[in-house]
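First the structure, in the form of structure tokens, and then the observations on it.
The values are calculated or read from the model by the stated rules, or taken from the named source; none is laboratory data. Since the model is a prediction, treat every value here as computed from it, not as a measurement. All Cβ positions, even for glycine, are placed from backbone atoms using ideal geometry, and neighbour counts span all protein chains on display. Protein only, heavy atoms only, side chains kept; ligands, DNA and RNA dropped before computing areas. Shrake-Rupley method; radii C 1.70, N 1.55, O 1.52, S 1.80 Å.
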Amino acid sequence: MNRLALPLGGLLAIAMVAVLAGDFQLRFLAEILIIGTAVMSLDLLIGFGGLISLGHAALFGSAAYAAAIAAQHWGASLPVMLGIGIAMGTAVAAVMGLVILRAGNLFLLILALLFGQIVWEIAFHWRDVTGGADGLRGLPTLSLGPWALGDARSLFVLAGLLALGCLGLARSFVASPLGRALIGTREQPIRMQALGYNLFSLRFRALLVSGAMAGAAGALYPFVNLYVGPQSVHWTLSATMIIMLVIGGVGSLWGSFLGTAAYLALQTYVGAWTDRWQLCVGLLFVLTVLVMPQGLASGLLRLARKARRS
Amino acid sequence: MTALLQVEGVGKKFGEFAAVSDVTLDLRAGETLGLIGPNGAGKTTLFNMITGFLKPDTGHVRFDGAAIDRLSPAQRVARGLVRSFQKPMLFPALSLRENIAMASRQHAGRGLSWLGSLRATRAANEESDRLLAESGLTHRAEARVADLAYGEQRMADLLIALALRPRLLLLDEPTAGLAPEEARRLLAIIRRHDAETSVMLITHEVEIAFAACDRIAMLNLGRLLCLDTPAAVQAHPAVRDAYLGALAA
Amino acid sequence: MMGYAAIQVLNALSFSALLLLTGLGLSVVLSLMNFVNLAHGSFYLLGSYIAVHWLASGAPWWMAFPVAFLATALAGALLERFPLRAFYARPHLMQVLLTYGLSVIFADLMRWGFGAQILSPELPEMLQGVVFLFDMPFPLYRLFIIGAGFALALALWLLFDRTMWGAVVRAAVSDRGIVETLGIDTRRLFAAVFMLSAGLGGISGALGAGMLAAYPGLDEEVLILALITVVVGGLGSFGGTVLSALVVGFALTFSKVWFPEFANLAAFSAMIALLLARPNGLIAPPLRQL
């Protein structure tokens, strides 16, 4: 019964919102769900593996580029786009893993940042393919067989299904032996070695799973955003993903969507109201860390527990 | 009888300080070997080198006749060489059963499975439950190990190691800080696995070494003073001077 | 050809000198306090702006550098008090977010205060112009950077290697427990080291302004380069940072010569390859496990 509650409730929520919300909201929600999925894939690494990757945007963004470039050549068929995005996210994650997972925690974080910068350099300078600083625009409409999926409603439903599917996968991952072992490496890496676990292979697999999810999200991103540019692989987006995760609550999975929504809503509303948006971003980071490092998810859970008790 | 573990001329220096120098010893299949010596004698350093956590500067380690010098700690575990640590090293946020299952899943070769992992999880939980029942901790299976009493944590640490079905189990001060009754229970569990598991045991408590071990190796200042039966070790003059004498005085 | 190569070597050396000073500042905080400071580039850029304005003001030019050092060290001291000090013991995740947020704030404040255009300092007369080497012109100021950079590095080496204070820092890097057992006030030690680190960032920015100019976004570029210098060198090793500043400086300069379009890509990839071969950096001090 409980195992069906999440998917059914999720589907119901998607259907209701799709019927009730207007185009602007639907596009905005689709963006939240897509970026939220990427943030959740980062939660697998940070929240469960203790692997602070400052290069996650490289996985998400390179999948977005791959899908956009493929769409320009072969048209934007949904399964092809998803396949390419997942393949790209996984492949980039594999290369990244070889680079960053050999080092200790502190180096890992810096190496991930550098790796992300390398991907950014490629996206920025390889103008013939990526459009350089201008990025890629004018993409064909996403389609599934005879149906065109370019309208806000279809994109929202698609993003909702992606988010729901990835949330389910992420939960099963965390509950599986692999996910448990990942938690083990976070808590007691030395003991895990003494139990015969190969830490590299374990973390590498987690990174591949995370990369595949980020890649799936990245594949849809250009079609919702109608644009993909070098900012989508830049390390500032990686840092932003981390703050979204922290705002939502590290290690909760669903909190990622909450944090993404909070951040993007602030960006939309505060950004329209001041030209010093960058200053506000910085303050948001600092205040989050100073005031609520536990995030919204754990705050809400605490409130719910209190309400149940009284 | 053939030796299960052979340590040949192993040494390690930290800077100028020789933590272990030129230690040669062997452990026969089926026996329990005690490793005693004062603080800083090099017992834990020797353990780290046998289990691959530390690279020796000199010498070789052979396990079951094969050189294992180039194997990682994890690869040594796969051959049946399992260790515990001086302080219990558990996964505090996980339940006691999950702590043990972490080991039994890895032993079953399913430690890294994801999709289709239900059966692996169930089998591992059964194995954990068997070990918990054997040690009288069944009622604590669901407790987070962070909430366990110290004695229970020590026992959990041992059960995690046993869940790997070791051929050789290296225990680093397994009874440290335990009440005599708890220590006796723990040793009884170890003894119950005697048939398939040989044991190398670091201990501070000389009485335990003499009672539980077939042979005893005495280290002092990184060197092996002697390796013999408990009775012979007890009578050894160098041992008396270095260690037992000080205790008696 | 000979002349061209010599010029590029000197270019690389002047770049290495800047990397060395910023990298040392970042490295000492990282290895002593185990603290990731992503706002380190802000100190560099602040130093650059201070130098640009000082040199334009007509005050004695040579004072621009000590002034930049002191001003950024002071900024560092204030920042260390609040909020950084409370974060030395917090997880790296929180350190990263905090210092990244601070760097974004400083970047915006500096854009606000100093404008968004590219500012180049007015160099003093005696440092203007070029010298000829094998008939090729080379800016005199870059020779000054090389000289000043390596002189400062030497002074720092003496500070760390020959003074009591330096011995304490080195001991604390290899084993924090030691310092506490010696009864040394780690809070003051950390505060002093952080000030030194910020000051080094500032003075390298002041020196570098005459070569790289000053503009929004430079803080981030410098941060990335400094991070590369630190990881390639290996933590907690002065010699390693010197070596890696040279390696990174040469790699970047020559990749600009050989692959102008993909210079950073080539140099970064080379550094990553180097790190694959030596995951702990060029010179990794031996650490005791367990």
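Pairs meeting the criteria (first residue in the stretch C:134-147 and without any contact (Cβ under 8 Å) to a residue 40 or more places away in the chain, second residue open to solvent by 40 Å² or more (accessible area, probe 1.4 Å) and outside any strand (DSSP E or B), beta carbons under 7 Å, at least 6 apart or on different chains) are C:140/C:128; C:140/C:129. Scanning the stretch C:234-277 for residues that are touching a residue at least 40 places away in the same chain (Cβ under 8 Å) and closer than 30 Å to residue C:175 by Cα yields a count of 17.
Somewhere in the stretch C:30-38, is a residue open to solvent by less than 30 Å² (accessible area, probe 1.4 Å) and out of contact with any helix residue (DSSP H, G or I) (no Cβ under 8 Å at 6 or more places or on another chain)? Checked against the condition, which is being open to solvent by less than 30 Å² (accessible area, probe 1.4 Å) and out of contact with any helix residue (DSSP H, G or I) (no Cβ under 8 Å at 6 or more places or on another chain), the stretch C:30-38 yields no hits at all. More than 26 Å from residue A:79 (Cα to Cα) and open to solvent by 50 Å² or more (accessible area, probe 1.4 Å) - does that describe any residue in the stretch A:157-166? No; the residues of the stretch A:157-166 include none that is more than 26 Å from residue A:79 (Cα to Cα) and open to solvent by 50 Å² or more (accessible area, probe 1.4 Å). Pairs meeting the criteria (first residue in the stretch A:185-198 and closer than 13 Å to residue B:77 by Cα, second residue basic (Lys, Arg), beta carbons under 7 Å, at least 6 apart or on different chains) are A:194/B:83. Within the stretch A:144-185, being more than 9 Å from chain B (Cβ to nearest Cβ) and under 26 Å from residue B:84 (Cβ atoms) holds for A:182, A:185.
Of the residues in the stretch C:241-258, none is in contact with a Lys or Arg (Cβ under 7 Å, 6 or more places away or on another chain), more than 10 Å from every other protein chain (Cβ to nearest Cβ) and closer than 26 Å to residue C:42 by Cα. In summary, residue A:225 fulfils each of the numbered conditions (1) open to solvent by 40 Å² or more (accessible area, probe 1.4 Å); (2) within 14 Å of chain B (Cβ to nearest Cβ); (3) not aliphatic (A, V, I, L, M) with the single exception of condition (2).
Could you check the stretch B:111-150 and list, in sequence order, the residues that are of a type in the set (Ser, Thr, Tyr) and either in a loop (DSSP other than H, G, I, E, B) or within 9 Å of chain A (Cβ to nearest Cβ) (or both)? It would help to see each step written out before you state the result.
First pass over the stretch B:111-150, keeping only residues of a type in the set (Ser, Thr, Tyr): B:113, B:117, B:121, B:128, B:135, B:138, B:150.
Within the stretch B:111-150, B:113, B:117, B:121, B:135 qualify.
Do you know which of the residues in the stretch A:70-89 that are crowded, with 19+ Cβ neighbours inside 10 Å and of a type in the set (Val, Ile, Thr) is farthest from residue A:135 (Cα to Cα)? Selected residue: A:86.
Could you tell me whether any residue of the stretch C:145-158 is open to solvent by less than 30 Å² (accessible area, probe 1.4 Å), at pLDDT 85 or above and at positive phi?
So the first thing to find is which residues in the stretch C:145-158 are open to solvent by less than 30 Å² (accessible area, probe 1.4 Å), and the list is C:145-146, C:148-149, C:153, C:156.
Still in the running and at pLDDT 85 or above: C:145-146, C:148-149, C:153, C:156.
Applying the additional criterion that residues be at positive phi yields none.
Looking for residues that are open to solvent by less than 30 Å² (accessible area, probe 1.4 Å), at pLDDT 85 or above and at positive phi, one finds none in the stretch C:145-158, hence no.
If a residue must be under 20 Å from residue B:47 (Cα atoms), open to solvent by 10 Å² or more (accessible area, probe 1.4 Å) and among the hydrophobic types (A, V, I, L, M, F, W, C), how many such residues does the stretch B:165-205 contain? Counting residues in the stretch B:165-205 that are under 20 Å from residue B:47 (Cα atoms), open to solvent by 10 Å² or more (accessible area, probe 1.4 Å) and among the hydrophobic types (A, V, I, L, M, F, W, C) gives 3.
Considering the stretch A:233-246 alone, what residues qualify as being part of a helix (DSSP H, G or I) and open to solvent by 10 Å² or more (accessible area, probe 1.4 Å)? Step through it out loud before you land on a result.
If we filter the stretch A:233-246 for residues that are part of a helix (DSSP H, G or I), which is where we start, we get A:233, A:235-246.
Result: A:236, A:237, A:240.
Taking every residue in the stretch C:29-50 that is assigned to a helix (DSSP H, G or I) and pairing it with any residue that is acidic (Asp, Glu), at least 6 positions away or on another chain, the pairs with Cβ-Cβ distances below 6 Å are C:41/C:219; C:41/C:220; C:42/C:219; C:45/C:219.
Contact map, the stretch B:191-211: first residue of a type in the set (Phe, Trp, Tyr), second residue surrounded by 14 or more Cβ atoms within 10 Å (Cβ to Cβ), Cβ cut-off under 6 Å, separation 6 or more or different chains; pairs are B:210/B:230. Scanning the stretch A:256-267 for residues being surrounded by 24 or more Cβ atoms within 10 Å (Cβ to Cβ) and either closer than 17 Å to residue A:159 by Cα or among the β-branched types (Val, Ile, Thr) (or both) gives a total of 3. Within the stretch B:50-90, the set of residues being more than 14 Å from chain A (Cβ to nearest Cβ) and either within 25 Å of residue B:132 (Cβ to Cβ) or among the aliphatic types (A, V, I, L, M) (or both) comprises B:61, B:66, B:67.
Of the residues A:253, A:237, which single one is more than 28 Å from residue A:136 (Cβ to Cβ), under 14 Å from the mean Cα position of the chain (by Cα) and at pLDDT 90 or above?
On the way: A:237 fails: more than 28 Å from residue A:136 (Cβ to Cβ).
Of A:253, A:237, the one residue that is more than 28 Å from residue A:136 (Cβ to Cβ), under 14 Å from the mean Cα position of the chain (by Cα) and at pLDDT 90 or above is A:253.
Please tell me if residue B:93 is away from chain A (no Cβ under 14 Å) and of a type in the set (A, V, I, L, M). So residue B:93 does not fit the description; no.
When you look at residue A:274, is it more than 9 Å from chain C (Cβ to nearest Cβ), open to solvent by 10 Å² or more (accessible area, probe 1.4 Å) and under 23 Å from residue A:115 (Cα atoms), yes or no? Considered against the rule, which asks whether it is more than 9 Å from chain C (Cβ to nearest Cβ), open to solvent by 10 Å² or more (accessible area, probe 1.4 Å) and under 23 Å from residue A:115 (Cα atoms), residue A:274 comes out as no.
Report yes if some residue within the stretch A:111-120 is closer than 30 Å to residue C:223 by Cα and open to solvent by 40 Å² or more (accessible area, probe 1.4 Å); otherwise report no. Yes: the stretch A:111-120 contains one or more residues that are closer than 30 Å to residue C:223 by Cα and open to solvent by 40 Å² or more (accessible area, probe 1.4 Å).
In the stretch A:277-298, the residues that are more than 9 Å from chain C (Cβ to nearest Cβ) reach residues that are open to solvent by 40 Å² or more (accessible area, probe 1.4 Å) and of a type in the set (A, V, I, L, M) with C-beta atoms within less than 7 angstrom, at least six apart or across chains, in these pairs: A:295/A:250; A:296/A:258; A:297/A:258.
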